[in-house]
Amino acid sequence: MEHYLMNLTLKVWRQKNNQAKGKLETYQVKDISSEMSFLEMFDVLNEQLIVEGKEPIAFDHDCREGICGMCSMYINGQAHGPWQQNTTCQLHMRAFKDGDTIVVEPWRSGAFPVVKDLVVDRSSFDRIIQAGGFISVNTGNAVDANAMPIDKKDADNAFMAAACIGCGACVATCKNGSAMLFVGAKVSQLALLPQGAPERESRVLNMVAQMDKEGFGNCTNTYACEAECPKGISVANIARLNSEFLLAGLSTEEK
Amino acid sequence: MTWRHFFTSSIGKKFTMAFTGLFLITFLIVHASINACIFLNDGGATFNAFAHFMSHNWIVRFLELGLFGGLIVHIIQGLLLWKQNGSSRPVAYHVNQPSKNSKWYSRSMGILGTLLLLFLIMHLNHFYIGTKIALYSGDQPHNLYIEMQELFSSNLIVGLYIAGVIALFWHLYHGFQSALQTLGIHHKRYTPIIKMAGTGYAVIICTLFALMPLAFYFHWIS
Ligand code: SF4
Ligand code: FES
């Protein structure tokens, strides 16, 4: 791919804090390399703002290699920008051309309040995990990983579900603000394996209860989440969440 | 998990939508099949006989209560979910491109359903209420066929019915496979078959319904 430089107009959401009213601010950046990542372009912009004596833009990032899920940016109307199965840090500037205008907003969801600028608080996801996204193990030596036979198909499906990096793009994209792809993945990765069996029923009931408490919306099967998920998590996991919930919900003894 | 918790949870509400939706889907098969009797072109004799049976048989009348129950639950739950889902994103995006990741009809079940509700009010007003009045006032046997013939001579009514059928098509097209996904059925082998069955169902049912007003309007049947 040929290397080129570009000048861009950026419209970025600026918001002082959780209570403040935010707005889109316009910035110009010059000579951006097509080989930069989107976040590196933001670094250039921030350095420019610092030199100008202005407040740099707050945005989340950590690994910058597509595995931590921090880099939440809604770019030109799409979570993580125009590329499929991709995070913002792995989006490269060759996705854009000279003269483009790029609009960058934070994830928008009542359950992900804005902390500052593009940074949102995703601790609602942590609370869902705390409600049931774990297994109980005895302390002591780690068990031999191959001691327990597991069907290859189940192991593969669990592994694919476990690829979820908790980025929240599914929620940000969903017109209903539903977290069911995330919760479906987190329930599936444990429900499919024997290690997850003891808490299988309480896990799905508690995680769904917490998800509802956090104010996420209800899935209507538009499958926008699957299309925008950087890890390609399948909506088959939402179906599994539904059937796990149905069986667990019907088999409890409470009246 | 008590029953109340079950049915008021997000997934429980989806189950309610899916169950009542599938129930209404089966009802439409009965409705479309009986109405298709008008195409026998026997001056409505078979159709009216069926219509008479449907409005007088007590088992059917009893099932009708279930139908209205299911319909009302589907409508109210649907509207409540629409409202709740809308409020889960208090601040809207300035720029959003939903067409890049999903189909318009899958995102439009609320509005399609509302159009269907408006259509249904008109439709019940045209056919159901008249039939019931005739049933209880007990005079003349009610000729539903003639009533259809008269109604479907109007441009406006035919236009509204076709619009209703179009809304129904998209609602069913998404709804059928969506209901099964909600009930937890998603399978590499069977999901494509389910999608095909849903498409076939929506096409056949809606074509049949659309042909009814058109057949009267263009005098394809006498
Ligand atoms: S399911 Fe996909 S989009 Fe949702 S949090 Fe996990 S990785 Fe992100
Ligand atoms: S910064 Fe870690 S995934 Fe983008």
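Applying the selection to region B:95-109, what residues are free of Cβ contacts under 8 Å to residues at least 12 places away in the same chain and within 7 Å of chain A (Cβ to nearest Cβ)? Full working, then the answer.
Going through region B:95-109, the residues free of Cβ contacts under 8 Å to residues at least 12 places away in the same chain turn out to be B:95-102, B:104, B:107.
Those that are free of Cβ contacts under 8 Å to residues at least 12 places away in the same chain and within 7 Å of chain A (Cβ to nearest Cβ): B:VAL95, B:ASN96, B:GLN97, B:PRO98, B:LYS100, B:ASN101, B:SER102, B:ARG107.
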For this session: Could you look through region A:61-85, keep only residues that are more than 11 Å from every other protein chain (Cβ to nearest Cβ) and closer than 18 Å to A:CYS174 by Cβ, and pick out the one that is nearest to ligand 1 (Cβ to nearest atom)?
Result: A:GLY69
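Regarding B:THR191, is this residue within 14 Å of another protein chain (Cβ to nearest Cβ), over 20 Å from the mean Cα position of the chain (by Cα) and buried (at least 17 other Cβ atoms within 10 Å of the Cβ)?
Details: within 14 Å of another protein chain (Cβ to nearest Cβ): yes; over 20 Å from the mean Cα position of the chain (by Cα): yes; buried (at least 17 other Cβ atoms within 10 Å of the Cβ): yes.
When the stated conditions are applied, B:THR191 passes them.
Do we find a residue being of a type in the set (Ser, Thr, Tyr), more than 16 Å from ligand 1 (Cβ to nearest atom) and either within 14 Å of another protein chain (Cβ to nearest Cβ) or surrounded by fewer than 17 Cβ atoms within 10 Å (Cβ to Cβ) (or both) anywhere in region A:7-24?
Within region A:7-24, the first condition is being of a type in the set (Ser, Thr, Tyr), and the residues that meet it are A:9.
Checking which are more than 16 Å from ligand 1 (Cβ to nearest atom) leaves us with A:9.
Now drop any that are not either within 14 Å of another protein chain (Cβ to nearest Cβ) or surrounded by fewer than 17 Cβ atoms within 10 Å (Cβ to Cβ) (or both), which leaves A:9.
Scanning region A:7-24 turns up at least one residue that is of a type in the set (Ser, Thr, Tyr), more than 16 Å from ligand 1 (Cβ to nearest atom) and either within 14 Å of another protein chain (Cβ to nearest Cβ) or surrounded by fewer than 17 Cβ atoms within 10 Å (Cβ to Cβ) (or both).
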Exercise. Looking at A:VAL143, is it over 19 Å from A:ILE67 (Cα atoms), outside any loop (DSSP other than H, G, I, E, B) and away from ligand 1 (no atom under 14 Å from the Cβ)?
Worked result: no
For this session: Check region B:12-23 and report whether any residue there is more than 14 Å from chain A (Cβ to nearest Cβ), at negative phi and of a type in the set (D, E, K, R).
Result: no
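Do we find a residue being facing chain B (nearest Cβ under 7 Å), in a helix (DSSP H, G or I) and of a type in the set (Asp, Glu) anywhere in region A:226-234?
First, pick out the residues of region A:226-234 that are facing chain B (nearest Cβ under 7 Å): A:227-228.
Those left that are additionally in a helix (DSSP H, G or I): A:227-228.
Subsequent filtering for residues that are of a type in the set (Asp, Glu) retains A:228.
Among the residues of region A:226-234, at least one is facing chain B (nearest Cβ under 7 Å), in a helix (DSSP H, G or I) and of a type in the set (Asp, Glu), which makes the answer yes.
Residue by residue, here is whether (1) modelled with pLDDT of 95 or more; (2) away from every other protein chain (no Cβ under 14 Å) holds:
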residue: B:ALA51; (1), (2): no, yes
residue: B:HIS56; (1), (2): no, yes
residue: B:LEU63; (1), (2): no, yes
residue: B:LEU71; (1), (2): yes, yes
residue: B:HIS74; (1), (2): yes, no
residue: B:TYR93; (1), (2): yes, no
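Let me confirm something: among B:LEU118, B:LEU79, B:LEU151, which residue is in contact with a helix residue (DSSP H, G or I) (Cβ under 9 Å, 6 or more places away or on another chain), exposed (fewer than 15 other Cβ atoms within 10 Å of the Cβ) and more than 14 Å from chain A (Cβ to nearest Cβ)?
Working: B:LEU79 fails: more than 14 Å from chain A (Cβ to nearest Cβ); B:LEU151 fails: exposed (fewer than 15 other Cβ atoms within 10 Å of the Cβ).
Only one candidate passes the filter, namely B:LEU118.
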Exercise. Could you say whether any residue in region A:172-191 is more than 21 Å from A:CYS68 (Cβ to Cβ), among the basic types (Lys, Arg) and assigned to a helix (DSSP H, G or I)?
Worked result: no
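The values are calculated or read from the model by the stated rules, or taken from the named source; none is laboratory data. For clarity, every value in this text was computed on a predicted model and none was experimentally measured. Cβ coordinates were reconstructed from backbone atoms using ideal geometry, including for glycine residues, and neighbour counts include every protein chain displayed.
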